[in-house]
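Working notes, beginning with the structure itself.
The values are calculated or read from the model by the stated rules, or taken from the named source; none is laboratory data. Note that the structure is predicted; figures quoted are calculated from it, not measured. Positions of Cβ are generated from backbone atoms using ideal geometry, with glycine treated the same way; all protein chains shown enter the neighbour counts.
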Amino acid sequence: MEQQAAQMMQDMERIQTEQKRMESQESELSWNLDGLRADLSDLKSRGSVCDTCPEAWIYFQKKCYYFGEGAKKWIQARYACEDLDGRLVSIHSPEEQDFLTKRANWRGSWIGLRDLDIEGEFIWMDNQPLDYSNWQPGEPNDGGQGENCVMMLGSGKWNDAFCGSDLYGWVCDRLATC
């Protein structure tokens with residue numbers, strides 16, 4: 001019994017030591033968490049001044065836009081945007097649409113919407129859901145089969161088109177920097 005009591009005392013001391021170590025670790029983790037929260041808050045507050053765009057890009061609502069010109073197929077426009085550290089534009093609001101309509105090529109521009117994988121399931125280049133649309137009446141219609149890329153007409157309305165068509169306009173976007 002004395003050996004068991006001695007063993008229990010050792011076990012209890014070991015548990016108390018472990019408990020103190022864990023309490024110390026919890027305090028350190030809590031301190032680190034407070035620091036991370038402060039850093040996040042600071043980043044959020046500085047986020048309101050994130051309005052810097054590269055030369056030839058135009059700032060609007062925390063994004064930068066590049067209005068490319070020159071005949072390109074959809075995939076060429078996509079790569080041209082990537083070469084500029086952007087991507088074909090993803091449009092998520094009427095305000096953004098109005099901004100783009102005023103500046104885009106009047107003959108039509110490629111945008112970053114496509115249904116290449118599953119017919120009728122349109123996906124933006126930023127992988128966001130189709131939460132806003134501005135289709136031309138009767139579109140998308142996959143006319144003649146194979147209209148899997150989307151263009152913005154001069155009116156701002158959207159039309160699904162053959163990805164291999166040459167359009168003279170294309171619009172890229174990227175987040176503005178701080």
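Would you be able to say whether some residue in region 42-53 is charged (D, E, K, R), over 23 Å from the mean Cα position of the chain (by Cα) and at pLDDT 80 or above?
Taking every residue of region 42-53 in turn, none turns out to be charged (D, E, K, R), over 23 Å from the mean Cα position of the chain (by Cα) and at pLDDT 80 or above.
For G86, are the conditions met, namely being closer than 12 Å to F67 by Cβ and under 16 Å from the mean Cα position of the chain (by Cα)?
yes
Is it true that some residue in region 23-40 is at pLDDT 90 or above and assigned to a helix (DSSP H, G or I)?
no
Of these, N105, N134, which one is more than 26 Å from V49 (Cβ to Cβ), in contact (Cβ under 8 Å) with a residue 60 or more places away in the chain, polar (S, T, N, Q) and surrounded by 15 or more Cβ atoms within 10 Å (Cβ to Cβ)?
Every option except N105 fails the conditions.
May I ask you to say which residue of N134, N148, N159, N141 is more than 14 Å from I75 (Cα to Cα) and within 22 Å of the chain's Cα centre (by Cα)?
One residue alone meets the criteria, N134.
Could you run through region 59-106 and say how many residues are among the polar types (S, T, N, Q), modelled with pLDDT under 95 and assigned to a helix (DSSP H, G or I)?
0
Of the residues in region 115-131, how many are touching a residue at least 12 places away in the same chain (Cβ under 8 Å) and farther than 17 Å from I75 by Cα?
Total satisfying the criteria: 5.
Tell me the residue from G86, G108 that is over 16 Å from M152 (Cα atoms) and among the small types (G, A, S), please.
Exactly one residue qualifies, and that residue is G86.
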